[in-house]
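Below you'll find the structure, written out as structure tokens, and then a few comments.
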There are 4 protein chains.
Amino acid sequence: MGEGAEIKALKAMEEIGKYIASARKVMDLKQVSEMMEMLVSTYQNSKKVLIVGAGRSGLVGKAFAMRLMHLGFKVYVLGETITPRVEEGDLVIAISGSGSTELVVATARIAKRLGAKIIAITSFPNSPLGKVADHVIYVPGRSKISKEKDYVIRQILGLHEPLAPLGTLFEDTAMAFLDGVVTGLMERLGKSEDEMLKMHANVELP
Amino acid sequence: MGEGAEIKALKAMEEIGKYIASARKVMDLKQVSEMMEMLVSTYQNSKKVLIVGAGRSGLVGKAFAMRLMHLGFKVYVLGETITPRVEEGDLVIAISGSGSTELVVATARIAKRLGAKIIAITSFPNSPLGKVADHVIYVPGRSKISKEKDYVIRQILGLHEPLAPLGTLFEDTAMAFLDGVVTGLMERLGKSEDEMLKMHANVELP
Amino acid sequence: MGEGAEIKALKAMEEIGKYIASARKVMDLKQVSEMMEMLVSTYQNSKKVLIVGAGRSGLVGKAFAMRLMHLGFKVYVLGETITPRVEEGDLVIAISGSGSTELVVATARIAKRLGAKIIAITSFPNSPLGKVADHVIYVPGRSKISKEKDYVIRQILGLHEPLAPLGTLFEDTAMAFLDGVVTGLMERLGKSEDEMLKMHANVELP
Amino acid sequence: MGEGAEIKALKAMEEIGKYIASARKVMDLKQVSEMMEMLVSTYQNSKKVLIVGAGRSGLVGKAFAMRLMHLGFKVYVLGETITPRVEEGDLVIAISGSGSTELVVATARIAKRLGAKIIAITSFPNSPLGKVADHVIYVPGRSKISKEKDYVIRQILGLHEPLAPLGTLFEDTAMAFLDGVVTGLMERLGKSEDEMLKMHANVELP
């Protein structure tokens, strides 16, 4: 084993954790408040939440979808077997660090045309996805396509070393942020962990 | 909007980040070193890595699989369309916070019988999965099935408030840990971010 | 191009079609009637249908799940992101040509323990899956694991040439059979094609 | 049970089988020959086959992908976890009954721009997908979006009764056709069923 690679691994994990913990400083409380309002309203009106994202961002979206299901939301992942039609009043949450993933942007446009509201989770509010969206949540992160802008973000956070390749920082921060939203929604909707556990799948397949 | 739910959301994100940053203190450097050795050896012998996990742990595994692909590994996710057979010398990475997810354990057993080595990523080294595995990586986290043991772990880390429901802490920490392993492997295998970008999918579907 | 390989391809398609058309002769009308009764009852009691199958049989199950959704069923595919818990009164449809796919059988057992009724779609009613099931539908087909029994089935149908490898005949026949069940359910539940079209996804992702 | 719904189910299965068996009459041998040539050439040059399709057509594509894997092809499904980049010389097989599924067409366009050859499997050669493709295979079927044209096709085949809703006839015929192609490829590449079985996954997950 190359001396120290395992130390580098744990150090990178630590730095990712610190990055996530610092993200709050550069995020916008009002953006988050508005996102939660849109989610609660979707829940109360029995409308659907539809998740869309490609690659690792899509996986982060699916992890969020599972928790929304545990909270009692009608939630679906675009592209899976059982995904009903998009209708007026539905809420689409589109996740893309760069905001430029071509088919995610195309999907958001189609969903908007069908009457859904779009929330974009992205590091680049001025990206094509940001422009299509009704509401944008800025989540910091490097993006594999925009090295210069990364620099600015990383300077703000005081992170000087590249410690995680490609979109990792965005993806991991988005994962923790959306898990934070779940905690906020538990409070807002008065849901306990036990109630969520009752909604948890009891046949879990690999 | 319930006053403060958005503050709670960002605070929970922050606490998740701190939890991840602290995880290193309770993790075992030798376990990580051995896991990286097994991965490097699999890579050098052109054997396959197969990922298995259910629910949100499965999604964390898929995110890791994508990065291993970017690093040039022969990697597959059990249960997807294109997953070849398990053979002698392959490496299975099984992810389960509780270590008790019935079908993940069953899958690990079958893979072991077929000659693969098993690494378990779990909060419970003495769980059924931990016992099947050839090598265990302890990753801290609460588990939805073992509240008492959680308490001990969370005391160690000085995290007194429940801030994230069910398996969230394990899942988010495992995500960051495996991303740390990717950083370590870049060093160990001499791979640059640009080389990884060249392996990145160029048609990303939601 | 090897002379005639394209002719062989179209001929194999034709023979698969004939095999499917002949399958009715060896299938049991009462088994089908009972399956439809169980589906209608699940629909009328607002219980869930859960589909389970591995490999190509799993894909056939997903294709059936989509149509059940178009008919208004509460239907899910075990193993996907949004799959709620199995509960008393739910109906599990497990598809396996051999009836021996280890993890499908394990899943059926768990679901039964949780109070669901199990329907097995299989070529081998005496297989482990057939024995776990509350109700079995025999669908003819060769099975990759049981060449002798295939012989008998194929003799019955008068199909003497091997024309499709491995589980193909079972899978294609099961696909057409389940599509036949959809046609039967349209009649039984008084659903028109236009009503189904209204339930069809309007954002279809590759 | 509504009297006769189970009879209707088996009769619909029978008619689907007959439809598939008749499809050969309206299909073009030269189109099939050219498709097989393109597949063999991709195989011999160690290039990749990438499958794309939405909804039930996507499932048919995955079933074909599994068999190509058993034949030794480098094959991937666009949108899954482990899908490498599209490169010059790769072959994309896009499946859409209507040829108009928006995101399938968009994906085919992107892949073509990246240097892949595109084969469209469709009932409508003049559709947007048909026009993007380098090569088109006409497979008969009704399409949920084009009732008039269906009529013509069904008259040709002498099928006067609607027996299967929406895209069913296309999907089931495409499934059997692609399985026929597999049989043709076995002949062309000199692969036995036993060789394919050796490539079959040995850990099959639901």
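Considering only the stretch B:102-119, how many residues are basic (K, R) and either surrounded by 24 or more Cβ atoms within 10 Å (Cβ to Cβ) or not in a helix (DSSP H, G or I) (or both)? Selection size over the stretch B:102-119: 1. Return a yes/no flag: does the stretch C:19-41 have any residue that is of a type in the set (S, T, Y) and farther than 23 Å from D:M175 by Cα. Within the stretch C:19-41, one or more residues are of a type in the set (S, T, Y) and farther than 23 Å from D:M175 by Cα. Here the helices (runs of 4 or more DSSP H) wholly within the stretch B:146-200 that include at least 1 residues being more than 9 Å from chain A (Cβ to nearest Cβ), at pLDDT 75 or above and within 22 Å of the chain's Cα centre (by Cα) are B:168-189, B:193-199.
One line per residue, one yes/no per condition, for (1) small (G, A, S); (2) touching a residue at least 24 places away in the same chain (Cβ under 8 Å):
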position: D:M13; (1), (2): no, no
position: D:I20; (1), (2): no, yes
position: D:L39; (1), (2): no, yes
position: D:G61; (1), (2): yes, yes
position: D:L68; (1), (2): no, yes
position: D:D90; (1), (2): no, yes
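Any chance the stretch A:136-143 includes a residue that's buried (at least 24 other Cβ atoms within 10 Å of the Cβ), modelled with pLDDT of 95 or more and not β-branched (V, I, T)? No, the conditions are met nowhere in the stretch A:136-143. Only residues that are more than 7 Å from every other protein chain (Cβ to nearest Cβ), of a type in the set (D, E, K, R) and over 18 Å from B:V75 (Cβ atoms): list them for the stretch D:52-76, please. The one that is more than 7 Å from every other protein chain (Cβ to nearest Cβ), of a type in the set (D, E, K, R) and over 18 Å from B:V75 (Cβ atoms): D:R67. Within the stretch B:104-117, the set of residues being closer than 30 Å to D:E195 by Cβ and within 12 Å of chain D (Cβ to nearest Cβ) comprises B:A106, B:T107, B:A108, B:R109, B:I110, B:A111, B:K112, B:R113, B:L114, B:G115, B:A116. Within the stretch D:68-84, the set of residues being buried (at least 21 other Cβ atoms within 10 Å of the Cβ) and out of contact with any helix residue (DSSP H, G or I) (no Cβ under 7 Å at 6 or more places or on another chain) comprises D:L68, D:Y76, D:G79, D:T83.
Among the residues of the stretch A:124-131, are any at pLDDT 95 or above, within 12 Å of another protein chain (Cβ to nearest Cβ) and either surrounded by fewer than 24 Cβ atoms within 10 Å (Cβ to Cβ) or more than 14 Å from the chain's Cα centre (by Cα) (or both)? No, every residue in the stretch A:124-131 fails to be at pLDDT 95 or above, within 12 Å of another protein chain (Cβ to nearest Cβ) and either surrounded by fewer than 24 Cβ atoms within 10 Å (Cβ to Cβ) or more than 14 Å from the chain's Cα centre (by Cα) (or both). When the stretch B:86-101 is limited to residues that are surrounded by fewer than 24 Cβ atoms within 10 Å (Cβ to Cβ) and more than 12 Å from chain D (Cβ to nearest Cβ), the one that is nearest to B:V139 (Cα to Cα) turns out to be B:S98.
Here are the criteria: (1) of a type in the set (K, R); (2) free of Cβ contacts under 8 Å to residues at least 12 places away in the same chain; (3) buried (at least 24 other Cβ atoms within 10 Å of the Cβ). Tell me which single one A:R24 does not satisfy. If we test A:R24 against (1) of a type in the set (K, R); (2) free of Cβ contacts under 8 Å to residues at least 12 places away in the same chain; (3) buried (at least 24 other Cβ atoms within 10 Å of the Cβ), just (3) comes out false. Residues that are more than 7 Å from chain C (Cβ to nearest Cβ) and of a type in the set (A, V, I, L, M) within the stretch D:8-39 comprise D:V26, D:M35, D:M38, D:L39, listed in sequence order. Residues of the stretch D:122-140 being more than 23 Å from D:R85 (Cβ to Cβ) and either in contact (Cβ under 8 Å) with a residue 40 or more places away in the chain or not in a loop (DSSP other than H, G, I, E, B) (or both), which ones? D:T122, D:S123, D:P128, D:G130, D:K131, D:V136, D:I137, D:Y138, D:V139, D:P140 - these are the residues of the stretch D:122-140 that are more than 23 Å from D:R85 (Cβ to Cβ) and either in contact (Cβ under 8 Å) with a residue 40 or more places away in the chain or not in a loop (DSSP other than H, G, I, E, B) (or both).
The values are calculated or read from the model by the stated rules, or taken from the named source; none is laboratory data. Remember, it's a predicted structure, so these values are computed and weren't measured experimentally. Here Cβ is always computed from backbone atoms with ideal geometry, including for glycine, and neighbour counts include all displayed protein chains.
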